[in-house]
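The values are calculated or read from the model by the stated rules, or taken from the named source; none is laboratory data. Just so we're clear, the structure is a prediction, and the values are computed from it rather than from any experiment. Quick reminder, even Gly has a Cβ in these numbers, built from the backbone with ideal geometry, and neighbours come from all protein chains shown.
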Amino acid sequence: MQAPKRVSLISDVAVILRKAIREGEVRGQLPNVRSLSRDLSVSVPTVLGAIKLLGEEKLVEVRQGYPTRILSPGRQAGSRKGQEPRKVVILGFPPEEIEKSLYHREVADFLRRIQIQVELHQFHKKIWGLTDREVDRLMSSYQADCWVLVGCPPQVQRQFSEKELPCILAGGTALPELSIPDIEIDFSALYRHAAHQFLNLGHERIHLIIGDRSAAKNPQSISEFLETIQKRFPGQTRNMVVQEYDGSLTGLRSLLETLFAGPVKPTGLCVALVSRMIFAQSWLLSEGYRIPAEVSLICRDSDDLIDCLVPKPARYEHSFKLAVRRLVRMIAAKVEHAPVKEHTTYMPEFVKGETLGPAPEVNGVRKFGGIEPPIFV
């Protein structure tokens, strides 16, 4: 696009933008107002005035707080009839494999049912960011009404935000300084619920076992577990309740040995990550602890493998259908330029299993039965 030369700057800018749209020089949506102001060497109010003219001509769709969407000839803003189908691109970053993910295939199926086109774009190598040219190439290739960012690194979040691209973050938390809507498990509610499960069964010596702060998903959520315990037992401190280790199996073994070495042993453990739950349950049974007669266990997570354990662990199963429905609603609202809640969460379903029971009675000396390690069936 060339810089305007005539005196009537607003009209001149409108002419330049109109020509760029009709010749396909810009597609999908106009660059943000500040970029146009800089590129055309005019003020921001002048650009806004030109965009307003294009909006009155139905060449663009102008909505406050959203990028200016380019409309095809004859299309009317806000009218479905005669419009091209809305398009959503699910953008996956390793280690998320969106082509193999049932979750994202289900999302795509739902969107297609409501006449929204869906395309998947997978990066097959780990990247920390994209160049501006790569982002522009994606924009030009797909002309998406909404981008769903899966496993998106912080750098790319910033790039999409700076370019004012309509997007939603799935499978992670958006950077707090950015206004990108996201959806994730409500770990704060999960930890509160887990603490209450132990307390309601009379447990007093309860620990949350996490590999490190990152294993807590949202690090602030672990304070919910602690505060729930402290409401019942005000004398409990963080060091007494939250037990962190280096994330390795060796570190977990060392932590368990330390916790169960003293005369006052834990009666309830909430363990993050399925693999660590399997190890903790195996270790306890191999040491002769009866589950749940002497130690109750809850796993924060779930997968197909956990159902193969005996006894079957109490755990939180991620509500697949609920997550899909909420994400689809967010996407549908985004492509229609409707308001979207910045942070959407959902609560997994609690499955009691066979590892959660009443707190054991303390009779001075604890007796342990000879129970075999977990059996995989």
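So that you can scan it fast, the table gives a plain yes or no per residue for (1) surrounded by fewer than 16 Cβ atoms within 10 Å (Cβ to Cβ); (2) in the same structural domain as residue 104 (by TED's automatic domain parsing); (3) outside any loop (DSSP other than H, G, I, E, B); (4) aliphatic (A, V, I, L, M):
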| position | (1), (2), (3), (4) |
| --- | --- |
| 324 | no, no, yes, yes |
| 339 | yes, no, no, no |
| 344 | no, no, yes, no |
| 350 | no, no, yes, no |
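Any idea how many residues of the range 226-257 are out of contact with any strand residue (DSSP E or B) (no Cβ under 9 Å at 6 or more places or on another chain) and within 15 Å of residue 295 (Cβ to Cβ)? So the count comes out to 1.
A Cβ distance below 6 Å, combined with a sequence gap of six or more or placement on separate chains, defines the contacts here; from the range 314-334, residues that are within 20 Å of residue 144 (Cβ to Cβ) reach residues that are in a helix (DSSP H, G or I) and not aliphatic (A, V, I, L, M) in the pairs 324/106; 328/110. Among all residues of the range 183-190, there is at least one that is farther than 30 Å from residue 234 by Cα, charged (D, E, K, R) and at pLDDT 85 or above. Just checking, does the range 122-142 include any residue being at pLDDT below 85, within 20 Å of the chain's Cα centre (by Cα), buried (at least 20 other Cβ atoms within 10 Å of the Cβ) and over 27 Å from residue 16 (Cβ atoms)? No, every residue in the range 122-142 fails to be at pLDDT below 85, within 20 Å of the chain's Cα centre (by Cα), buried (at least 20 other Cβ atoms within 10 Å of the Cβ) and over 27 Å from residue 16 (Cβ atoms).
From the list 294, 287, the lone residue that is closer than 21 Å to residue 356 by Cα, touching a residue at least 60 places away in the same chain (Cβ under 8 Å) and surrounded by fewer than 19 Cβ atoms within 10 Å (Cβ to Cβ) is 287.
The rows are residues; the columns are (1) surrounded by 15 or more Cβ atoms within 10 Å (Cβ to Cβ); (2) free of Cβ contacts under 8 Å to residues at least 12 places away in the same chain.
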{"site": "236", "(1), (2)": "yes, yes"}
{"site": "262", "(1), (2)": "no, yes"}
{"site": "271", "(1), (2)": "yes, no"}
{"site": "278", "(1), (2)": "yes, no"}
{"site": "282", "(1), (2)": "no, no"}
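Residues in the range 261-286 that are basic (Lys, Arg) and within 29 Å of the chain's Cα centre (by Cα): 276 only. Scanning the range 40-60 for residues that are over 19 Å from residue 8 (Cβ atoms) and surrounded by fewer than 20 Cβ atoms within 10 Å (Cβ to Cβ) yields a total of 1. Of the candidates 88, 47, 60, the single residue that is at pLDDT 85 or above and touching a Cys at 6+ places or on another chain (Cβ under 6 Å) is 88.
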